[in-house]
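The values are calculated or read from the model by the stated rules, or taken from the named source; none is laboratory data. This structure is a prediction, so every number in the text was calculated from the model and none was measured. Backbone-built Cβ (ideal geometry, glycine too); neighbour counts: all protein chains shown.
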Protein chains: 2
Amino acid sequence: MKKKVTFADIAAETGFSKTTISRYFNHPDTLTTENLKIIEDTVKKLGYRENKLARVLANGKSEIIGVIVPTLYMHYYADLLSHILSAGDAYGYKFLVFCSDENREKEKGYLKELLAYNIEGLLVVSHVTPSQELAKLGIPVVTIEREDKYVNSVNTNNYQGGIDATTLLTEKKCEVLIHINADLKKCSPAYGRIRGFREVSETSGTPYCEYLRKFGNDYQEIRRVLEPVFQDIEEKYAGRKKGIFISNDTVANVFLNMVITKYKMLPEEYYIIGFDDSPISREAVIPFSTIRQDTTALAYSAMDILVKLMNERKKRVPVITKTLEHRVIDTKTIIRGTTK
Amino acid sequence: MKKKVTFADIAAETGFSKTTISRYFNHPDTLTTENLKIIEDTVKKLGYRENKLARVLANGKSEIIGVIVPTLYMHYYADLLSHILSAGDAYGYKFLVFCSDENREKEKGYLKELLAYNIEGLLVVSHVTPSQELAKLGIPVVTIEREDKYVNSVNTNNYQGGIDATTLLTEKKCEVLIHINADLKKCSPAYGRIRGFREVSETSGTPYCEYLRKFGNDYQEIRRVLEPVFQDIEEKYAGRKKGIFISNDTVANVFLNMVITKYKMLPEEYYIIGFDDSPISREAVIPFSTIRQDTTALAYSAMDILVKLMNERKKRVPVITKTLEHRVIDTKTIIRGTTK
């Protein structure tokens with residue numbers, strides 16, 4: 001193995017002092033363009049490797065952000081993580097990534113690990129640690145689409161999405177409005193979808209009903225829970241024009257497949273709209289209508305808030321504000337073959 | 001903000017020396033269970049936060065592994081990353097994760113960053129940096145399902161998967177065997193699928209043909225490329241029993257949807273099998289047969305090799321072997337509704 005190249009080696013090679021070499025790495029703006037170039041070439045030639053960790057200890061800036069996602073199995077979370085990584089890249093941050101599987105004890109361990117690595121900030125997409133606990137960590141925290149009472153957050157405009165999906169179904173003159181969703185807590189941002197559905201249903205005077213069930217993440221499980229729901233809808237509302245708003249695209253796809261398997265086509269009395277604009281909504285046997293969550297904007301807004309908070313802490317006299325920021329990202333209605 | 005708790009504080013509180021407190025963190029096995037308990041309680045009570053970075057500088061063990069994935073949009077990579085994270089968890093490692101978008105310049109920057117953070121090892125799933133360059137990084141590297149001539153690797157048994165998929169189609173007495181795949185380089189492990197297909201086709205004496213195309217990652221793009229392939233198959237092999245082996249489930253699903261859209265059902269003359277066992281293979285309008293890639297085993301084997309290499313480096317006199325390890329993970333044939 002080669003001997004490690006030091007500032008002293010670069011100084012000897014270039015003829016500059018070690019202080020100048022240090023300035024090259026920490027305050028390059030204080031050097032002339034020519035001298036920058038000379039040192040840069042030598043750094044490359046000698047194969048010097050910057051030791052960021054030593055710098056972190058010196059100035060406390062690890063340039064590392066912790067991210068906790070609940071799972072990467074669901075496309076929504078994988079997509080969100082992918083946008084978070086590229087958003088951080090734009091700001092020069094690196095990410096220590098953990099997958100909690102919604103296990104609170106596991107997550108507790110991860111949070112401890114992350115703090116031990118002097119992370120500058122934390123993005124939490126996982127749901128299991130209450131925001132009150134996250135607020136006590138002593139570092140900037142931003143959550144995305146989860147309970148956020150005590151921390152900064154970015155959420156989808158779920159309420160507007162619920163309004164838009166249901167309004168589309170009333171415009172199609174559906175005779176009964178049906179909402180299929182998880183049995184959400186009221187503090188969950190996604191509960192806004194249920195509120196939006198109820199409000200439009202009430203206002204329009206159209207009969208409506210809700211199937212709020214615990215679905216799980218697995219295809220077989222979703223199918224098992226959805227089968228009796230489909231049966232019930234078929235029996236109760238036979239012959240009536242049904243407008244069905246399903247809270248996520250994975251479940252909407254399973255429902256659509258049940259309809260297609262039974263009728264070999266989408267009967268005119270079925271109007272279906274999902275939520276998320278996941279790839280499955282485009283890849284389904286009939287690409288279906290959905291409410292698009294803007295995962296790019298969710299990720300970039302979260303990074304924007306986090307970077308602001310992290311930068312403030314680096315100031316000589318940081319002003320730690322107690323006011324929380326909760327940003328809301330608009331949805332977009334995507335019309336495809338199931339609401340025509 | 002609270003004053004930072006130090007070893008001195010823990011020593012003062014427990015009555016032990018600072019050396020004993022240091023031993024608690026670095027060589028806990030040298031303390032009695034009682035003393036461990038006393039110190040542990042005090043550490044918790046005072047709210048001491050371990051500074052891992054300081055330890056890294058002292059002993060060079062960052063406990064951080066770098067991971068570079070090409071994208072998280074494709075379920076296969078998200079799934080693989082998820083298993084890598086849990087495999088690392090089992091060994092006590094943390095992951096700095098980067099998404100290269102298959103951009104070589106970007107990846108170059110990431111590799112530099114990772115080295116600056118004293119990562120102990122590197123897992124590369126991305127395809128753009130040749131293994132010859134990866135081998136020069138001076139740290140243990142393991143790749144998964146990509147060109148691996150100069151580095152350790154874990155790959156799927158693509159050749160056996162190709163054999164199994166094609167054999168299944170010949171057993172169904174298909175009159176023509178068709179393979180749809182990307183136009184792969186021979187050094188890519190996935191090229192084994194093409195070899196397997198050709199070998200069984202030749203041996204069985206069944207007429208066969210290949211459609212090797214550049215598909216892209218996007219649904220519309222896949223559809224655009226696949227449409228003329230479907231037309232061609234319909235024209236050339238009308239009325240003949242067709243066995244179609246499609247190299248990934250995303251493309252297989254698009255193909256299946258084209259067939260179903262045209263015929264409102266799966267005609268008896270179509271036999272279709274995909275590759276990967278992605279969720280889409282179960283969630284399709286007709287859940288389809290596929291060759292399962294064992295992403296769990298791929299991730300755990302890669303970690304197993306990497307941990308062995310990283311541990312060797314921590315020894316007082318490490319033996320750096322020049323012999324590379326290339327592990328191969330078996331596939332499994334999953335029979336569903338499209339090969340019955």
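Observations on the structure shown:
- Residues that are modelled with pLDDT of 95 or more and among the aliphatic types (A, V, I, L, M), drawn from segment A:102-123: A:122, A:123
- Filtered residues of segment B:260-275 (kept if within 14 Å of chain A (Cβ to nearest Cβ) and either among the charged types (D, E, K, R) or surrounded by fewer than 24 Cβ atoms within 10 Å (Cβ to Cβ) (or both)): B:260, B:261, B:262, B:263, B:264, B:265, B:266, B:267
- Of residues in segment A:38-89 being away from chain B (no Cβ under 12 Å) and at pLDDT 90 or above, the one surrounded by the fewest Cβ atoms within 10 Å (Cβ to Cβ): A:41
- Tally, over segment A:174-188, of residues that are modelled with pLDDT of 95 or more and not in a strand (DSSP E or B): 2
- Checking the stated criteria, residue A:317 turns out to be at pLDDT below 95 and within 14 Å of chain B (Cβ to nearest Cβ).
- First in segment B:164-181 and buried (at least 24 other Cβ atoms within 10 Å of the Cβ), second anywhere and part of a helix (DSSP H, G or I) and of a type in the set (D, E, K, R), Cβ under 7 Å, 6 or more apart: none
- Residue within segment A:252-274 that is of a type in the set (Asp, Glu) and not assigned by TED's automatic domain parsing to the domain that holds residue A:151 present: yes
- Selected residue (only one of A:290, A:339 is surrounded by 19 or more Cβ atoms within 10 Å (Cβ to Cβ) and farther than 25 Å from residue A:147 by Cβ): A:339
- Flag if residue A:323 is farther than 24 Å from residue B:263 by Cα, under 25 Å from the mean Cα position of the chain (by Cα) and surrounded by 15 or more Cβ atoms within 10 Å (Cβ to Cβ): no
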